[in-house]
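Below: the structure, in structure tokens.
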Amino acid sequence: MGKYIIKRVLLAVLTVFVICAITFFLMHAVPGGPFNREKALSEATVAALNARYNLDKPLGEQFLLYLRNLLHGDFGVSLKNGREIKAIIGESFPISARLGISAMLVALVLGTVLGSTAALMRNRLPDRLIVFFSTLFTAVPSFILATMLLLIFCIELQWVPVWSATSHNYLLPVIALSAYPMAYITRLSKTSMLDALSQDYIRTARAKGVSKFKMIFKHALRNSLIPVITYAGPQIAYIITGSMVIETIFTVGGLGSKFVSAITNRDYTLIMATTIFLAALMVAANLICDLLYKLVDPRIKYD
Amino acid sequence: MENNGLPKKNPLSLQLDLSKFSQESFAPATDEEKRQQDVMSKSTTFFRDGMRKLFKNPLAVISLILLAAILLTIIIAPMVVPYSYEEILSVNGKRDKGAKNLAPFTYSQMEQKYIDQGGERFPHIFGTDEQCRDYFIRVVYATRISLFIGFFASIIVLIIGMLYGSISGYMGGRADLIMMRVVDVIYSLPDMLMIILLQVVLNERLQFPAGSFLSRMGTSMVSLFIVFGLLYWVGMARLIRGQILSIKENEYVLAARSIGAKPGRIIRKHIIPNCLSVIVISSALQIPSATFTESFLSFVGIGVKAPMPSLGSLANAAREGLQSYPYKLVFPAIVICLIVLSLNLLGDGLRDAFDPKLKR
């Protein structure tokens, strides 16, 4: 176990390093320096700025300096408005995190409930309805669902207020963000529940006269949750990228919409910092999920 | 008991008492009786059996029909509809400024006048967009582009993944170990973020000589292919390597080798046919995911560049004036959902028909 943990942590660190390197060198491959503006700056100003941001040093050294700054939590400043990126992330990330965590919880809870219901009522009406809708929702891109929800509930029916400085309503963004993972988890937990129900230990439990409630919750559900846990880790990546468009559509001021606007504004330092931050987050989430998975299911071999 | 000419049974023997049977019981079988012994079903090949299973699956058949209908529409429509996807509508050579944001099947004032004077005008089936272009033909071209990207991206992924995976699987040993470590690192990169990043950079950097095939496709499209090719092949490579490793260990490969079959024959006759279904199925499932990614990138604004439409960029453009012209969102949205849904269902059907083991 210890060896496995060390191996996984090392791989995660290596991945984050590769991500930093890719991001850094890609962003420096973009033509035009960061101080190319419509109004030309004087040469002295450019030289001073270059010296301030270490842009006069060789690229390799710049990369090492950038890494050192990252380790100190210094992400640099935004090219467009000169704000500290750390502050931008600090104020917008909690919104994204709240949105993402709520969506993930909704998807996990509703997904397993629906999936298990479908498995227990196999080939009856509820099962068919659940399968139909979960298949349908895995084919709807989140940005389309979000725009439709916005159109119907915010604009046409006016049931839910549009996101603004004064009203923070997470309902529609959470629905839009959780739809796809929920549909997927439903399908996944249905198959794994069916699988668990056909196992020998369930037959033994029933032969011993265990109540149906106890059989489902104590024996079947617990075992059917394992594939769902494995799926939840990589889903964090989906939630983060999905949240980019959904935050943009609902004009939620989270990190995702900041990232999208950084892309459209070509704000390279902000793109670089956000990519590294989000990527490190995803790698960490995957790592934790993998380790948890091994803890939950001792049958898995450490290879 | 009368004697039927057969030997009598020794009372201590456990054999059948033949004297109980009549002579006719031992008559040779007639032709009719022989025919009953024939195998009733025709012999079937793996492919034919799979197709039969596929066509028994109603969902797969419906999605095949839907896809065929979509393909026919996007092939035929540009021949029938007299507008082009970047053409700003004009009547008798004069720009038709009133043809902005028309609802489906309506005409602008200028067009109405033209029709009243006896001219003929092809209806705007999906209306027009904010720049006075026919929306139906734009959706048709967008579908073409989105499907084209999905299809080619999955072919690129297939080629790279197959080469890398099979080399790694055949060589085994240290080469395999190193090649798989590389795959591990690429696999653990957050793909969407890397795609966005690469797309941002490549869009700025790529330049092609004017007039060449690549420049006609546009940098954004080429960079999309590069990005898919760089990142998505790892899954395919892993899958194929795993397949080859497990097939190599099978008894029939050992048997073939022991009767002296050459490696070429083993690869052709045993390994390729056995991984083929897995490869085809996962490539089929790759198409909708590539289409999905493309529409996401176009929606964010770093996918296919204007004036070329894609389903994602049309949906993004429709957000302006959503309240007044919701149909501009509805049409591309329905097309994306139908394409992704039917490709997914078809892929699932193929998987169930050709490789039930793969079912998750």
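The values are calculated or read from the model by the stated rules, or taken from the named source; none is laboratory data. Every value quoted in this text rests on a predicted model; they were computed, and no experiment measured them. Note that we place each Cβ from the backbone using ideal geometry, even for glycine, and neighbour counts take in every protein chain shown.
Here is how the numbers come out for the structure above:
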item: Among residues of the stretch B:298-342, those that are outside any helix (DSSP H, G or I), touching a residue at least 24 places away in the same chain (Cβ under 8 Å) and more than 9 Å from chain A (Cβ to nearest Cβ), counted; result: 11
item: Selection status of A:Leu145, of a type outside the set (D, E, K, R), touching a residue at least 24 places away in the same chain (Cβ under 8 Å) and within 14 Å of another protein chain (Cβ to nearest Cβ); result: yes
item: Residues satisfying the stated conditions in the stretch B:300-318, i.e. modelled with pLDDT of 80 or more, of a type outside the set (A, V, I, L, M, F, W, C) and surrounded by fewer than 23 Cβ atoms within 10 Å (Cβ to Cβ); result: none
item: Residues located in the stretch A:199-245, provided they are more than 14 Å from chain B (Cβ to nearest Cβ) and among the polar types (S, T, N, Q); result: A:Gln199, A:Thr204, A:Ser211, A:Asn223
item: Members of the stretch A:264-279 found to be facing chain B (nearest Cβ under 7 Å) and within 13 Å of B:Met194 (Cα to Cα), listed by number; result: A:Ile271, A:Thr275, A:Leu278, A:Ala279
item: Residues satisfying the stated conditions in the stretch A:68-100, i.e. closer than 20 Å to A:Ile22 by Cα, surrounded by 15 or more Cβ atoms within 10 Å (Cβ to Cβ) and out of contact with any Asp or Glu (no Cβ under 9 Å at 6 or more places or on another chain); result: A:Leu70
item: Test: residue in the stretch B:290-297 that is hydroxyl-bearing (Ser, Thr, Tyr), within 12 Å of B:Val139 (Cα to Cα) and either at the interface with chain A (Cβ under 7 Å from one of its Cβ atoms) or not in a helix (DSSP H, G or I) (or both); result: no
item: Failed condition for A:Lys190, given (1) at pLDDT below 85; (2) among the charged types (D, E, K, R); (3) closer than 21 Å to A:Ala139 by Cβ; result: (1)
item: Matching helices (runs of 4 or more DSSP H) fully within the stretch A:112-212 where at least 2 residues are within 30 Å of B:Leu297 (Cα to Cα) and out of contact with any Asp or Glu (no Cβ under 7 Å at 6 or more places or on another chain); result: A:125-137, A:142-149, A:171-197
item: Boolean, A:Met182 is in contact (Cβ under 8 Å) with a residue 24 or more places away in the chain, over 30 Å from A:Ala279 (Cα atoms) and among the hydrophobic types (A, V, I, L, M, F, W, C); result: no
item: Every residue from the stretch A:108-142 that is away from chain B (no Cβ under 14 Å) and touching a Phe, Trp or Tyr at 6+ places or on another chain (Cβ under 8 Å); result: A:Gly111
item: Within the stretch A:183-229, tally of residues that are among the β-branched types (Val, Ile, Thr) and surrounded by fewer than 19 Cβ atoms within 10 Å (Cβ to Cβ); result: 6
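Rundown of residues vs (1) buried (at least 16 other Cβ atoms within 10 Å of the Cβ); (2) at pLDDT 80 or above; (3) in a loop (DSSP other than H, G, I, E, B), yes/no style:
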position	(1), (2), (3)
B:Ala175	no, yes, no
B:Ile178	no, yes, no
B:Val182	no, yes, no
B:Leu198	yes, yes, no
B:Gly211	no, no, yes
B:Met221	yes, no, no
B:Gly235	yes, yes, no
B:Arg238	yes, yes, no
